Amino acid sequence: MSTVGRHVCGVYLYEMANITEGSRTLKAWLDRQDMSRVEFAGLCSVTRQTLYKWFDGTVRPGMAHQHRIAHLTNDTVRVSDWLTSEERVDVTR
């Protein structure tokens, strides 16, 4: 199954929800840190709604935000965690 998307305002929008390891790991990290979603969204300069879209796979963070998240989480959430399983297969070929 192929994911079709489009780029809008620096964010890549996907027609299919693709929950990635990045979204799962980020949620778990925030819970362990006892950090609110609003606080983390502010650190990333995005709205809370955008953060929730990252969580549910509606949108993935752009490359700059992926690097920011990796930095803020001390690489607990790595840039490569935002790849879908399909993309991971393509990268390893």
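The values are calculated or read from the model by the stated rules, or taken from the named source; none is laboratory data. Model, not experiment: these values are computed from the prediction. For neighbour counting, all protein chains shown are included, and Cβ atoms are generated from backbone atoms with ideal geometry for every residue, glycine included. Note: areas computed on protein heavy atoms with side chains; ligands, DNA, RNA excluded. Shrake-Rupley method; radii C 1.70, N 1.55, O 1.52, S 1.80 Å.
Below, the figures for the structure above:
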quantity: In nm, spacing of pseudo-spin labels at R37 and V79 (7 Å Cα→C-beta vector); calculated: 2.7 nm
quantity: Charge dipole (debye, nearest 20) of the stretch 19-93; +1 at Cβ of Lys and Arg, -1 at Cβ of Asp and Glu; calculated: 100 debye
quantity: Accessible surface, the stretch 52-93, averaged per residue in Å² (probe 1.4 Å); calculated: 60 Å²
quantity: Gain upon complete extension [H71, D56; 0.36 nm per residue less C-alpha separation]; calculated: 3.2 nm
